[in-house]
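Presented below is the structure to which this report refers.
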Amino acid sequence: MSAEGIPEKTVRIREDIRKMIIRGAGKIARAGAQALAEAAKEYTGDNLKDFLNYMERVAQYVTSARPTAVSLPNAVSYVMIRLRRSTPASVEEAKEVVINAAESFITYSKEAVDRIGKLGAKRIENGDVLMTHCHSTAAVSVMVHAFNQGKISKVYVKETRPKLQGLITAKALSDAGLDVVLIPDSSVRYFMKRVNKVVVGADTIAANGAVINKIGTSLVALAAKEARVRVYVAAETYKFSPRTVIGELVPIEERDPREIVNEEWIKRNPQVRIYNPVFDVTPPEYIDAIITEKGIIPPQAAILILMEDYGMSIQEIMTKDIEELQDDELRE
Amino acid sequence: MGMKNCDEVFSNISVTSHALRQGKILGSTEAGFAVLKDIEEASKSCPEKFPRFLLEAVPSYLKARPTSVVMKNLLREYLDVFLRVASREGLKDAIAQTPQHVESIIENVENIKDAVATLGSKRINDGDIILTHSYSSTIIKLLQKALDRGLKFSVIITESRPIGEGKYAAEVISRLGVDTTLIVDSAVRFVMKRVNRVFVSADAVAANGAVINKAGTSAIALAAKEARVRTYVTAGTYRIGLETVFGELIEGVVLSDASLIMPEDKAKELSGRILVKAPLFDVTPPEYIDAIITEKGVLAPQAIPLIIKEIYGWPPRLRPPEELLEEVRKYVS
């Protein structure tokens, strides 16, 4: 996408997102909102219609930095929906709408993790033993809040191959004072009997409440279901994917085989295929509740979050899709 | 390898025991063979203290790998023969014949494995995608036999942490000429939709048909059940935990070595609040297993007592290794 006429600050933020210098759903989302605010601040014209068109173009430009990162389009639409629905009389007024919306999103998203922790901790009972997978700041927030309330003292943390993000979680929890039992992923069913509740994060949540998260999450949820252990997913609302409302699938990225075996092993065994999917999909029926900063919902109510909070109606998404299609066709 | 002296033979007990405990000798049959080989070596290099060696070595091996029903069964078989020959023909002959008895036990197990592999290979269909876990020489043989019959199939194999022997299995299976894919243990449910059959081996089978195998097996069987994929377990009858008929539990080994999970440097800076627990084995309940493939036939797991009855009578007439060792004690001067 062309960066022509888009201010440098915005371009720089977009590049940082694209090159994954800015990582993590929350940080990407806040950077996206910031990029829109910067673009509004730097605008110099005084024709309102031009400004609105300009902002639409900036929105598309920012979103295209990482098309699969769900929090980015959500942050952008959070701001843009407020602009589209406003009735500014001047460019100045319109700028203010953008800047205020971006700021409110940023503050809101920063507070979200803490709110999730507070809400989620209510679901944890005295003496519970928890299990978690991978690393999620929202899930850690729930566990640390529950610990600070004296409800829990021990968490089973899965190593989370191939990248061992379980170590980050283990450190965060032990720094907060919790006892951690670090276990290999293969022993998930072995230890499930000793666990009362599972708390995990999410990368993306689909419109039907299916949770896309680090590979292995769905196996944890299955083992929990078998053992009648409750599964809670802690996730900020900007992780809900509007595009799944219109039937789009969430693509599961496949990563470098060298995360699993080293270069030398690959050279020695060129005929072995290494399959390294990053995420898997946990069906909504294996999830007891999704803990968002707006409240605790059954996974099947995911659509509510999408329509209420991100102003996404099916019509709007469809229309945008058709517009994009036509743009593509015109270009050809 | 030259002849060892008695000191070396005795100090080898702790070396083998350590290797068993740490999962360095991983396969249950390999574990059984390793201790039989030690016994054979001792009978040759240190015949004068051989009964004493048995009294020291056998309990040490059994303690190092309490899950290894195979080791227990093979040791029982050996001690049985040893004591029979010793009482009939004298201690000297029993020691002299030990290499021959050990070889015959090993040969018998190899024959059983071959029969199991043959039966199991018949359960593979052309075009199957097979999922397997850990490293098992019986499973490798089974795949080879299916290939020999001209079947085409592919194999998905897990890393099989904490030891990670699935990587080695991937090397071996791919060299058979099978299309082989390696995945992390966590990806099992993700790929299960595409899998037609699960084949795993058993370290031990309990009297109720529950299967004790490398950690991760039970989660695989669960994911297979969910996806309506059939799970087959290969297990010669020498893997049946006969004592479980009398209520004995088969104990598992849980390692707590941080370096099993993370690189050494990270393990060192681990906070005291973080404990590593890595079980080597887990138990798969019989209801998740479609069939256990033994040399006597392909059975429902619930039919295991039938096999026990056929071989050992019902209730099985068994002498625990401890009782056999008591008898060995008579020969210590």
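When the solvent-accessible area of region B:55-177 is split by element, carbon and sulfur atoms take up 49 percent of it, the probe being 1.4 Å. Applying the criteria of a DSSP loop state and at most 16 other Cβ atoms within 10 Å to the GluC sites (Glu not before Pro) of region B:114-199 yields no site.
For chain B, the calculated P(r), taken from all Cα-Cα distances in 20 Å bins from zero up to the bin holding the longest distance, is 30, 55, 15, 0 percent. Both radii come from the Cα set of region B:1-69: Rg as radius of gyration, Rh as Kirkwood radius; their ratio Rg/Rh reads 0.96. For the pair region B:65-104 and region A:1-20, the centres of their Cα atoms are 77 angstrom apart.
Sites listed here are trypsin sites (Lys or Arg not before Pro) in region A:65-129 whose DSSP assignment is loop and whose Cβ has at most 16 other Cβ atoms within 10 Å: A:LYS122. The trypsin sites (Lys or Arg not before Pro) of region B:246-327 that meet both conditions, a loop assignment by DSSP and at most 12 other Cβ atoms within 10 Å of the site Cβ, are B:ARG317.
The residues neighbouring A:GLY216, those whose beta-carbon lies less than 13 Å from its own, together hold a net charge of +1 under the Lys/Arg +1, Asp/Glu -1 convention.
Summarising the label geometry, the points placed 7 Å from Cα in the beta-carbon direction at A:LYS122 and B:LYS37 lie 6.3 nm from one another. Rounded to the nearest 0.05, the FRET efficiency derived from the C-beta distance between B:SER60 and B:ARG84 at R0 = 30 Å is 0.80. For B:ILE156, the residues 5 or more places off, or on other chains, whose built amide H falls under 5 Å of its own are B:ILE130, B:LEU131, B:THR132, B:THR181.
Other chains' Cβ within 10 Å of A:159-166 residues: what's the mean?
Working: counts 10, 2, 9, 5, 1, 4, 0, 2.
Whole-number average of other-chain Cβ neighbours for A:159-166 is 4.
Nearest-5 percent of antiparallel DSSP beta bridges in chain A? Antiparallel bridges: around 35 percent, rounded to the nearest 5.
Could you give the alpha-carbon Rg of region A:139-206 over 2.2 N^0.38 Å, rounded to two decimals? Spell out each step's value before the answer.
Details: Rg = 12.0 Å, N = 68, 2.2 N^0.38 = 10.9 Å.
Normalised Cα radius of gyration, region A:139-206: 1.10.
Largest first, the residues B:LYS122, A:LYS9 sort by 1.4 Å accessible area into B:LYS122, A:LYS9.
Can you give the local net charge around A:THR44? Use residues other than it whose beta-carbon is closer than 13 angstrom to its beta-carbon, Lys and Arg +1, Asp and Glu -1. Present the calculation step by step, with values, prior to reporting the outcome.
Values: positive: A:LYS41, A:LYS95; negative: A:GLU42, A:ASP46, A:ASP50, A:GLU92.
Taking every Cβ under 13 Å from that of A:THR44, the sum is -2.
Near A:PHE240, the amide H atoms lying under 5 Å from its own belong to A:ILE205; only residues 5 or more places off or on other chains count, and H is placed 1.01 Å from N. In order along region A:31-48, the Karplus-derived 3J(HN,Hα) couplings, from 6.51 cos²θ - 1.76 cosθ + 1.60 at θ = phi - 60°, round to 5, x, 5, 4, 4, 5, 4, 4, 4, 5, 4, 7, 5, 10, x, 10, 8, 4 Hz, and Gly and Pro are given as x.
Mind running the shape call on region A:122-313? Use the C-alpha gyration tensor, a ≥ b ≥ c as the square roots of the eigenvalues: rounded below 1.5 for a/c, prolate if a/b tops b/c, oblate otherwise. Write out the running numbers ahead of the final one.
Numbers: a/c = 1.92, a/b = 1.11, b/c = 1.73.
Judged from the Cα gyration tensor, region A:122-313 comes out oblate (a/c at least 1.5, b/c at or above a/b).
Compactness of the protein assembly as shown was expressed as the Cα radius of gyration divided by 2.2 N^0.38 Å, which yields 1.17. Think of it this way: in the protein assembly as shown, A:CYS134 stand alone, with no other Cys Cβ under 4.7 Å.
For chain B, the mean residue ellipticity at 222 nm estimated from helices alone is -15000 deg cm²/dmol, where every DSSP H run of n ≥ 4 contributes -39500 (n - 2.57) and the total is divided by all residues, rounded to the nearest 500.
Cα centroid separation, region B:308-330 to region A:25-56: 82 Å.
Applying 0.36 nm per residue to the separation of B:LYS193 and B:ALA300 and subtracting their alpha-carbon distance, the gain on full extension is 36.1 nm. For chain A, pairs of C-alpha atoms spaced more than 37 angstrom apart make up 23 percent of the total.
For chain A, the mean residue ellipticity at 222 nm estimated from helices alone is -15500 deg cm²/dmol, where every DSSP H run of n ≥ 4 contributes -39500 (n - 2.57) and the total is divided by all residues, rounded to the nearest 500.
In order along region A:97-107, the Karplus-derived 3J(HN,Hα) couplings, from 6.51 cos²θ - 1.76 cosθ + 1.60 at θ = phi - 60°, round to 4, 5, 5, 5, 4, 4, 5, 5, 5, 5, 4 Hz, and Gly and Pro are given as x.
On a per residue basis, chain B carries 41 Å² of accessible surface, using protein heavy atoms and a 1.4 Å probe.
Cβ under 12 Å from A:VAL142's Cβ, A:VAL142 left aside: what net charge do those residues give with Lys, Arg +1 and Asp, Glu -1? Charge balance in the 12 Å sphere: +3. Each residue of region B:199-214 was assigned a 3J(HN,Hα) from its phi angle through the Karplus expression (A = 6.51, B = -1.76, C = 1.60, θ = phi - 60°), giving 10, 9, 9, 10, 6, 7, 10, 7, 4, 8, x, 5, 10, 9, 8, 4 Hz with x at Gly and Pro. Measuring r between the beta carbons of A:ARG23 and B:TYR312 and using R0 = 41 Å, the FRET efficiency lands at 0.10. What the Cβ-Cβ distance of B:GLN22 and B:THR118 gives, at R0 = 30 Å and to the nearest 0.05, is a FRET efficiency of 0.35. Taking the accessible area of chain A, probe 1.4 Å, and keeping the other protein chains in place, the carbon and sulfur fraction comes to 50%.
For region A:182-279, what is the convex hull (Cα atoms) projected area averaged across all directions, in square nanometres? Don't skip to the answer; put the middle values down first.
Details: hull surface 33.5 nm².
Its Cα hull, projected and averaged over all orientations, spans 8.4 nm².
Chain A and chain B together bury an accessible surface of about 3900 square angstrom, both sides counted, with a 1.4 Å probe and no ligands or nucleic acids included.
Length, then width, then depth: along the principal axes, the Cα atoms of region B:142-237 run 36, 31, 28 Å. Kirkwood hydrodynamic radius of region B:13-121, from the reciprocal of the average inverse Cα-Cα distance over all distinct pairs: 14.4 Å. Annotation: average projected area of region A:8-114 is 6.1 square nanometres, based on the convex hull of Cα atoms across all directions.
The values are calculated or read from the model by the stated rules, or taken from the named source; none is laboratory data. The shown structure was predicted, so the numbers you read here are calculated from the model rather than taken from an experiment. Glycine gets a Cβ as well: all are built from the backbone with ideal geometry, and neighbour counts include every protein chain shown. Remember, those area values only see protein heavy atoms, side chains included, never the ligands or the DNA or RNA. Shrake-Rupley method; radii C 1.70, N 1.55, O 1.52, S 1.80 Å.
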